[in-house]
Amino acid sequence: MNIRKFKIPTPVLFVIVAALLIYFFPREGKSHYVYSLDKPWQYGQLITSFDFHIQKEDQDVQNQRDSIQKNFIFYYLYDETVSRSSISQFVSDAQAVGMDIQNINHVKNQLESIYKAGIISAVDYDLIKESQKKQLRLKDTESNMYSIRNLASFYTPRQAYEQIIENKNGSSYKSEGIKGLSLSDYLLENIQYDERTTQNLLKDELSKITLYEGMIQSGEKIIDRGEIVNKRTFDILNSYTKELDERGGTSMNPRWLIAGQIVIVCVIVFSLMTYLWFFRRKEYGRKKNVIFILSLVLSFVLITAFLVNYKAYSLIYVIPFTLPMILIRTFVDSRTAMTTHIITVLLCALIVPDPDEFIVVQLLTGFVCIFSLRDLRERSQLVYCGILILLTYIVSYTSWILATTGDISQLNWRIYLNFCINFVFVTFSYLLVYVCEKVFGFISEVSMIELSNINRPLLQQLSEEAPGTFQHSMQVSNLVSAAAIKIGANASLARTGALYHDIGKMTDPAFFTENQSPGMNPHAGLSCKESAQIIIGHVSEGVRIAKKNNLPQQIINFIETHHGKGKAKYFYNLYVNEHPDEKCDDAPFTYPGPNPFSKETALLMMADTIEAASRSLKEYTEETITSLVNKLIDAQVADGLFKNAPITFRDIDDAKSVFIDKLMRIYHSRIAYPEISKEEESETN
């Protein structure tokens, strides 16, 4: 999924999400009570203080309408003018072409018989055939009354045509025509649909459907605490809450409702955009991160709206609202995760029936979730986080009910089961972490820790086939991770990328100095250009091996950029020295690039060059190491290799100091152990 190809500006994405939320928001007010069919009534005794009708459910009314429409018999008229004109026209045309009188009379009799039965259009025939009764009402021309006739007694034009052909009784005319005449021209529909009568009578039948199924009088008890809400009670409660809204003056104006939703949703959604703009400009500029965050917000708000629309209020706490926090914390950061959680909770609070309880419970749970994931390094931490979330849900919900009602009987014990289901969803969040990594191209801290395990097959293969390169990669990973911590870069990503940056050397390990034995030189006999191409080729080989082993793109970036568009300077300088009078072509000695484009890849280029060059020092002192580090990094800066990386001169100076300190520790002088003199050794023996 290449989200970088999306040309939609980031603010437009927020506008789209706000529009979708407004479109799917419920268009009806919130219920005074939360109740569900076949569930206990959670409140006290409910007695009505006014008369009201028990309204049928919309679905019940619709079912009655559908039943009437399905069983309704359509009305038709018999048009005698069609049959008379068609038969008369046939006789006239047949005589004009000289048809035998016997054939004319035979066809005329057939037409009269068919028209008497009636010809109906194929469309109407199929429509009535699909109905349950397969009948129609036909108006009698003499009595002016409608009588019911079965559909099978009529003909369609095609059936009438086949009937005449099959009953020709040895006559001399042919089915395809009668001396140039076509029978189908004289087979017209004489049974016409009486639309006016049908619609009026159908409308009368539908108007007889009553919208009510009884009445509740003032002072009558509706339900008491603990009673099960059956079908009839459920309908009564629905009617009561609607009537209560109207009598209380809270009946809503749809226009004002939509206007209010537009304003409040836009304010909340654009608060998230403002946060990203001011405090997370880097994430704001990454289209995939914005789409990732907005898709989580949109998904969970729409799920909540769906449950509310179907009045499944008790299932609200099944929704794992902490799941977006876990995912955003994994791939972005903790502050953005908490901000997104608050935005999601506020949007959902506009929908749920009891927003106060919902906000308190969800925010407390969100805080505990983000605190427990402040250092996510193992997938098992997600289970620990899920347990804390479950406990927080239970404690916060219980304490809220007790604090607001003071009655323990008001606790809905089914809610605790929903909390347990929520816990199950949260513990499986690591599966979603994997899915998001594949869909959005992210890489999590946990995945980087797993990739940096030197017991992984690819790193094991590197240590066996190119042991010198493996040791070099280990040293570079230590250098680059320390520098990343110093300048505030992603140390785990830098360390993991460093371990894999030279895996391309496994193809021809002997051509690289760190893997060569004393006196071994495979470059002997090769030209400088050939040797340079072998050295440069380890980059493309590394990319090939990484893709073959399904390494993330973030790691492949380190392989592609650790030399940038620099040169294989050893063979380049050697070639220039050997050909002083020739203008050297840089292309055969230049790496394909690209140059580093992040702090982490820039640090790797520095550390890789410094670690390799430090092995050639004859003396390891602070002066020689400092000179080497400054010389190499300053040369990379002068060559413009860091122009695409968001790294400052201060970052480079801090990185230099870290590299110098690390190299001093690596190559520090050791104490020379004294030898035992021969006299003391003989006495000891």
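Since every read-out is calculated from the coordinates, none of them should be taken as a lab result. All values reported here derive from a predicted model rather than from experimental measurement. Neighbour counts are summed over all protein chains in view; Cβ atoms, including those assigned to glycine, are modelled from backbone coordinates with ideal geometry.
Quick one: net charge of TYR115's neighbours, Cβ under 13 Å, K/R +1, D/E -1? Intermediate results must be reported in sequence, preceding the final value.
Numbers: positive: ARG84, LYS108, LYS116; negative: ASP79, GLU80, GLU112, GLU189.
Neighbour charge sum, excluding TYR115 itself: -1.
What are the ³J(HN,Hα) couplings of the range 211-226, residue after residue, when phi is run through the Karplus curve with 6.51, -1.76, 1.60 and θ = phi - 60°? Round to Hz, x for glycine and proline.
Result, ordered by residue: 8, 10, 10, x, 9, 10, 9, 4, x, 7, 6, 8, 7, 10, 4, x Hz.
State the extension gain, in nm to one decimal, for the chain segment bounded by ASP60 and SER517, taking 0.36 nm per residue of separation less the distance between their alpha-carbons.
Values: separation 457, 0.36 × 457 = 164.52 nm, distance 8.79 nm.
In short, 155.7 nm is gained.
Can you list residues whose amide H is under 5 Å from ILE223's amide H, if they're 5+ apart or on another chain and H is modeled 1.01 Å from N?
For ILE223, whose amide H was placed from the backbone, the distant partners under 5 Å are LEU46.
Viscosity 0.692 mPa s, temperature 37 °C: what is the translational diffusion coefficient of the range 456-543 from Stokes-Einstein with a Kirkwood Rh over Cα pairs, rounded to a whole number of µm²/s?
Numbers: Rh = 13.9 Å.
The diffusion coefficient I find is 235 µm²/s.
Where does the charge balance sit around HIS341 when Lys and Arg score +1, Asp and Glu -1, over other residues with C-beta under 14 Å from its C-beta?
Working: positive: ARG329, ARG335; negative: ASP333.
With Lys, Arg at +1 and Asp, Glu at -1, the neighbours total +1.
Sorted from largest down, what three extents in whole angstroms do the Cα atoms of the range 90-159 have along their principal axes?
For the range 90-159, the Cα extents along the three principal axes come out at 48, 28, 14 Å.
For the pair ALA403/ASP51, report the inter-label distance in nm, with labels modelled 7 Å from Cα in the Cβ direction.
Here the modelled spin labels are 4.6 nm apart.
Tilt of helix 10-24 relative to the longest C-alpha principal axis of the chain, in degrees (0 to 90, nearest 10)?
Around 40 degrees separate the two axes.
Angle between the Cα long axis of helix 101-117 and the longest principal axis of the chain, 0 to 90 degrees, nearest 10?
Rounded to the nearest ten degrees, it is 70.
Could you work out Rg/(2.2 N^0.38 Å) for the range 35-116, with Rg from alpha carbons only? Walk me through the intermediate numbers first.
Working: Rg = 32.3 Å, N = 82, 2.2 N^0.38 = 11.7 Å.
So the range 35-116 has a normalised radius of gyration of 2.75.
Normalised by the number of residues in the range 478-612, what is the relative contact order in percent for Cα pairs under 8 Å and 6+ residues apart? Walk me through the numbers before you get to the answer.
Working: 167 pairs, mean separation 41.7, N = 135.
Relative CO of the range 478-612 lands at 31 percent.
Quick check on the chain: helices-only [θ] at 222 nm, where DSSP H runs of length 4 and up contribute -39,500 (n - 2.57) each and the sum goes over total residues. Nearest 500, please. Provide the component values of the computation, followed by the final result.
Working: 28 runs with 407 residues, N = 685.
Calculated from helices alone, the mean residue ellipticity at 222 nm is -19500 deg cm²/dmol.
Nearest 10 degrees is fine. How inclined is helix 491-500 to the longest principal axis of the chain, computing both from alpha carbons?
The two axes meet at around 80 degrees.
Using the Kirkwood formula over every pair of different C-alpha atoms, what hydrodynamic radius in Å results for the chain? Mind dumping the intermediate values first?
Values: mean 1/r = 0.0292 Å⁻¹.
Roughly 34.3 Å, rounded to one decimal.
Expressed as cubic angstrom per residue, what is the convex hull volume of the alpha carbon set of the range 197-321? Working shown, then result.
Working: hull volume 30.0 nm³, N = 125.
So the per-residue Cα hull volume is 240 Å³.
So how much slack lies between ASP38 and MET664, counting 0.36 nm per residue of separation and subtracting their Cα-Cα distance, in nm?
Working: separation 626, 0.36 × 626 = 225.36 nm, distance 7.53 nm.
Here the segment from ASP38 to MET664 would lengthen by 217.8 nm.
Run the quick spin-label model on LYS618 and PHE425: label points 7 Å from Cα toward the beta carbon, then report their separation in nm to one decimal.
A separation of 7.1 nm, rounded to one decimal place.
Note down the relative contact order for the chain as a percent, whole number, built from C-alpha pairs under 8 angstrom at least six residues apart. Show your work: numbers first, answer last.
Numbers: 831 pairs, mean separation 83.9, N = 685.
Answer for the chain is 12 percent.
Using only Cα atoms, locate the centre of the range 463-478 and the centre of the range 518-564, then give the distance between them in Å, rounded to an integer.
Distance between centres, Cα-based: 14 Å.
Can you compute the modelled spin-label distance between SER540 and TYR434, with each label point 7 Å from Cα toward Cβ, in nm?
A separation of 3.5 nm, rounded to one decimal place.
Stokes-Einstein at 25 °C, 0.890 mPa s, Kirkwood radius from Cα pairs: D for the range 291-374 in µm² s⁻¹?
Details: Rh = 12.8 Å.
Rounded to a whole number, D works out at 192 µm²/s.
Report the relative contact order of the range 69-206, percent, no decimals, based on alpha-carbon pairs under 8 angstrom and at least 6 residues apart.
Working: 170 pairs, mean separation 56.4, N = 138.
Normalised by residue count, the contact order of the range 69-206 is 41 percent.
When the chain is fully extended, how far beyond the present Cα-Cα distance does ILE485 get from VAL263, taking 0.36 nm per residue of separation? Intermediate results must be reported in sequence, preceding the final value.
Working: separation 222, 0.36 × 222 = 79.92 nm, distance 4.34 nm.
Using 0.36 nm per residue and subtracting the Cα-Cα distance, I get 75.6 nm.
Given the peptides 447-454, 127-134, arrange them by the average over their residues of other C-beta atoms within 10 Å, most packed first. Write out the running numbers ahead of the final one.
Working: 447-454: 17.0, 127-134: 12.9.
Averaged packing, sorted descending, gives the order 447-454, 127-134.
Starting from the coordinates of the alpha-carbon atoms of the range 284-325, obtain the Kirkwood hydrodynamic radius over all distinct pairs and give the value in Å to one decimal.
Numbers: mean 1/r = 0.0881 Å⁻¹.
Kirkwood hydrodynamic radius for the range 284-325: 11.4 Å.
Say R0 is 60 Å: what FRET efficiency, to the nearest 0.05, do GLN381 and ARG84 get from their beta-carbon distance? Kindly include the intermediate steps, with their values, before the conclusion.
Details: r = 91 Å, r/R0 = 1.51.
According to the calculation, E is roughly 0.10.
Once Rh is set to the Kirkwood radius over Cα pairs, what Stokes-Einstein translational diffusion coefficient, in µm²/s, holds for the range 466-666 at a temperature of 4 °C and a viscosity of 1.567 mPa s?
On the way: Rh = 17.3 Å.
The calculation lands on 75 µm²/s.
Can you give me the convex hull volume of the Cα atoms of the range 430-481, divided per residue and expressed in Å³?
Working: hull volume 4.7 nm³, N = 52.
So the per-residue Cα hull volume is 91 Å³.
Debye calculation, C-alpha points only, no solvent: report log10 I(q)/I(0) for the range 526-565 at q = 0.14, 0.19, 0.25, 0.33 Å⁻¹, in the same order as the q values.
Calculated log10 I(q)/I(0) at the listed q: -0.35, -0.56, -0.79, -1.06.
Would you mind getting me the FRET efficiency between LEU20 and SER334? Use the beta-carbon distance for r and R0 = 45 Å, nearest 0.05. Before the final figure, lay out each step's value.
Numbers: r = 27 Å, r/R0 = 0.60.
For R0 = 45 Å, the calculated efficiency reads 0.95.
Largest first and in whole Å, what are the equivalent-ellipsoid semi-axes of the range 69-206 based on the Cα gyration tensor, each being the root of 5 times an eigenvalue?
Working: eigenvalues 224, 44, 24 Å².
So the equivalent ellipsoid measures 33, 15, 11 Å along its semi-axes.
Which order do peptides 413-420, 268-275 fall in by mean Cβ count within 10 Å, highest first? Kindly include the intermediate steps, with their values, before the conclusion.
On the way: 413-420: 14.6, 268-275: 18.0.
The peptides rank, most packed first, as 268-275, 413-420.
Please give the FRET efficiency for LYS203 paired with SER295, using the beta carbon to beta carbon distance and R0 = 45 Å, rounded to the nearest 0.05. Walk me through the intermediate numbers first.
Working: r = 47 Å, r/R0 = 1.05.
E(calc), rounded to 0.05, equals 0.45.
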